Ligand code: FAD
């Protein structure tokens with residue numbers, strides 16, 4: 001008979017926490033409990049990957065009537081109905097949350113709809129007033145969006161708010177250049193919102209391959225997104241206030257998009273002065289300026305666990321904190337903030353702690369996608385990172401894909417391999433193309449296996465496809 005109420009208490013019912021809880025309970029017979037203060041499924045299911053991807057799908061239909069007409073279809077442009085979409089989206093999210101609850105129940109995990117904090121190394125305190133003890137505690141509390149530290153930042157929305165809008169804004173200023181900022185710029189543009197994007201850096205999508213970033217930025221601008229790099233907000237006020245009046249007049253906007261009959265929503269309209277000297281009014285401002293780990297007020301300091309840089313809980317390769325009974329996984333550790341990584345970390349934790357098989361988390365060569373239009377799929381080193389590390393050959397091609405060339409659309413795709421000169425290993429693969437996320441999942445297997453350029457070369461092309469170029473590039477575009 002254990003001295004504790006549970007073998008494992010998981011705090012947070014998101015991607016990582018749910019997976020760890022149900023595998024520990026279902027596969028090892030451990031007695032497991034989980035507390036979730038909000039909705040089961042966490043960021044990914046409720047306010048991240050899933051609703052975002054559904055919005056990507058919705059937004060991609062904007063150009064389809066024109067493409068279909070060019071292929072001979074007699075089809076008219078339509079109007080996007082946000083209310084109908086959002087109602088369906090909410091129904092789907094309710095369904096998925098229920099799936100998560102059932103998965104936990106089916107695995108024998110006891111759940112508490114409550115906020116949990118740590119009282120000591122083996123005790124969890126719930127917002128219901130209950131206290132529960134556990135041999136191991138797993139913190140999987142994720143992260144949250146962060147507004148910039150500037151006056152009136154509360155006037156802007158963050159990504160969590162997008163899914164709850166009653167009406168789409170007529171115009172939006174997106175502040176930020178990371179993948180969430182760029183994805184929502186494309187989504188909202190596709191849904192008929194007039195999108196302006198400010199990013200203070202020189203190019204969007206910092207950390208990704210420079211050539212891919214450039215192509216996506218050009219394509220976004222080409223589609224009509226008013227992207228300004230090297231630019232950020234100096235001052236912002238609600239239109240109609242004396243402070244906004246004192247900023248000066250914004251030019252009357254003569255471009256009509258989307259749903260002009262709809263009223264302004266969210267925080268807007270907001271008058272914004274930019275570092276480039278312009279003064280403009282937007283129906284809404286959307287800050288996609290980074291995320292912070294949910295590590296505050298968890299009781300960590302009392303246990304001697306000082307959150308590190310940016311509030312991340314520091315853990316070793318087995319996700320163990322300084323306190324041996326307390327582990328942490330997922331975004332709260334701010335290692336690689338992606339759903340499949342949080343899940344992997346949860347599985348490795350169970351393997352290590354409950355299956356007696358110490359398993360360090362493998363963060364090498366993680367494929368990922370950016371769901372901009374065009375989409376990017378990427379795995380491994382960028383050209384810039386690889387060139388710093390060793391001598392490389394860059395195989396690269398950019399072309400108009402057959403489907404789009406036929407209708408004379410300007411869209412280009414990019415296929416790129418970074419190859420080690422010394423041992424011919426493919427160090428990185430970067431694809432900008434429709435469906436690049438799907439392609440990179442498969443290319444990622446080869447790269448993870450350590451495939452060489454010659455392995456790619458001896459793979460027969462699938463014709464006619466865009467991705468056949470990845471196995472038909474014969475000569476390096478450059479060496480570095
Ligand atoms: P979360 O999923 O955030 O779960 C943490 C849970 O803990 C939450 O439900 C929270 O309510 C709960 N919680 C917090 N504190 C407490 C407490 N004290 N007590 C009880 N419960 C608590 N990743 C991808 O791989 N692909 C994508 O395309 C992608 N798109 C994204 C788009 C957006 C807009 C955002 C915001 C994120 C996206 N991500 C994407 C990232 C992904 O959602 C996260 O990496 C993933 O959800 C992290 O999982 P987690 O288990 O660490 O935390």
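Only one entry in 315, 336 is part of a loop (DSSP other than H, G, I, E, B) and touching a helix residue (DSSP H, G or I) at 6+ places or on another chain (Cβ under 6 Å), namely 315. Out of curiosity, is residue 166 more than 24 Å from residue 224 (Cα to Cα) and in a helix (DSSP H, G or I)? Here the answer is no, as residue 166 does not meet what is asked.
Residue-by-condition table, conditions (1) assigned by TED's automatic domain parsing to the domain that holds residue 387; (2) in contact (Cβ under 8 Å) with a residue 60 or more places away in the chain; (3) part of a loop (DSSP other than H, G, I, E, B):
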{"site": "198", "(1), (2), (3)": "no, yes, no"}
{"site": "204", "(1), (2), (3)": "no, no, yes"}
{"site": "213", "(1), (2), (3)": "no, no, no"}
{"site": "216", "(1), (2), (3)": "no, yes, no"}
{"site": "221", "(1), (2), (3)": "no, no, no"}
{"site": "231", "(1), (2), (3)": "no, no, yes"}
{"site": "234", "(1), (2), (3)": "no, no, no"}
{"site": "237", "(1), (2), (3)": "no, yes, no"}
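The residue of region 134-151 that is farthest from residue 44 (Cα to Cα), among those that are away from the ligand (no atom under 15 Å from the Cβ) and buried (at least 17 other Cβ atoms within 10 Å of the Cβ), is 135.
Is there a residue in region 304-326 that is outside the structural domain of residue 178 (by TED's automatic domain parsing), within 17 Å of residue 18 (Cβ to Cβ), touching a residue at least 12 places away in the same chain (Cβ under 8 Å) and buried (at least 16 other Cβ atoms within 10 Å of the Cβ)? Within region 304-326, one or more residues are outside the structural domain of residue 178 (by TED's automatic domain parsing), within 17 Å of residue 18 (Cβ to Cβ), touching a residue at least 12 places away in the same chain (Cβ under 8 Å) and buried (at least 16 other Cβ atoms within 10 Å of the Cβ). Please work out if residue 297 is in a helix (DSSP H, G or I) and within 16 Å of the ligand (Cβ to nearest atom). The answer is no for residue 297. Looking at region 420-449, which of the residues that are touching a strand residue (DSSP E or B) at 6+ places or on another chain (Cβ under 6 Å) and without any contact (Cβ under 8 Å) to a residue 40 or more places away in the chain is nearest to residue 367 (Cα to Cα)? Residue satisfying both the conditions and the ranking: 425. Please work out if residue 327 is away from the ligand (no atom under 16 Å from the Cβ), in contact with a strand residue (DSSP E or B) (Cβ under 8 Å, 6 or more places away or on another chain) and at pLDDT 95 or above. Answer is no for this residue.
Which ones in region 12-39 are within 6 Å of the ligand (Cβ to nearest atom) and closer than 12 Å to residue 132 by Cα? Within region 12-39, just 35 meets the criteria.
Within 11 Å of the ligand (Cβ to nearest atom), more than 19 Å from the chain's Cα centre (by Cα) and on the phi > 0 side of the Ramachandran plot, is that true of residue 290?
Taking the combined requirement at face value, the residue does not satisfy it.
Residues that are over 22 Å from the mean Cα position of the chain (by Cα) and assigned to a strand (DSSP E or B): does region 361-372 have at least one? So far as region 361-372 goes, no, none of its residues is over 22 Å from the mean Cα position of the chain (by Cα) and assigned to a strand (DSSP E or B). Residue pairs whose Cβ atoms lie under 6 Å apart, sitting 6 or more positions apart in sequence or on different chains, and linking a residue in region 11-29 that is at negative phi to a partner that is within 9 Å of the ligand (Cβ to nearest atom) and part of a loop (DSSP other than H, G, I, E, B), are 11/141; 13/36; 13/40; 14/142; 16/140; 16/329; 17/140. Listed by first and then second residue, the pairs with beta-carbon distance under 7 Å, at least 6 apart or on different chains, first residue in region 327-341 and in the same structural domain as residue 50 (by TED's automatic domain parsing) and on the phi > 0 side of the Ramachandran plot, second part of a loop (DSSP other than H, G, I, E, B) and crowded, with 20+ Cβ neighbours inside 10 Å, are 330/14; 330/140; 330/142.
Has region 47-67 got any residue that is in contact (Cβ under 8 Å) with a residue 60 or more places away in the chain, in contact with a helix residue (DSSP H, G or I) (Cβ under 8 Å, 6 or more places away or on another chain) and closer than 30 Å to residue 131 by Cβ? Scanning region 47-67, I find at least one residue that is in contact (Cβ under 8 Å) with a residue 60 or more places away in the chain, in contact with a helix residue (DSSP H, G or I) (Cβ under 8 Å, 6 or more places away or on another chain) and closer than 30 Å to residue 131 by Cβ, so the answer is yes.
Of the conditions (1) at pLDDT 95 or above; (2) in contact with a helix residue (DSSP H, G or I) (Cβ under 7 Å, 6 or more places away or on another chain), residue 361 clears all except one; give me its number. With respect to (1) at pLDDT 95 or above; (2) in contact with a helix residue (DSSP H, G or I) (Cβ under 7 Å, 6 or more places away or on another chain), residue 361 is out only on (1). All conditions but one from (1) over 23 Å from the mean Cα position of the chain (by Cα); (2) away from the ligand (no atom under 15 Å from the Cβ); (3) over 28 Å from residue 27 (Cβ atoms) apply to residue 309; the one that does not is (1). Residue 174 passes every criterion in (1) in contact with a helix residue (DSSP H, G or I) (Cβ under 7 Å, 6 or more places away or on another chain); (2) closer than 27 Å to residue 36 by Cβ; (3) buried (at least 24 other Cβ atoms within 10 Å of the Cβ) apart from (2).
The values are calculated or read from the model by the stated rules, or taken from the named source; none is laboratory data. Just so you know, these numbers come straight off a predicted model, no measurement behind them. Don't worry about glycine lacking a Cβ; one is built from the backbone with ideal geometry, like all the others, and counts go over all protein chains shown.
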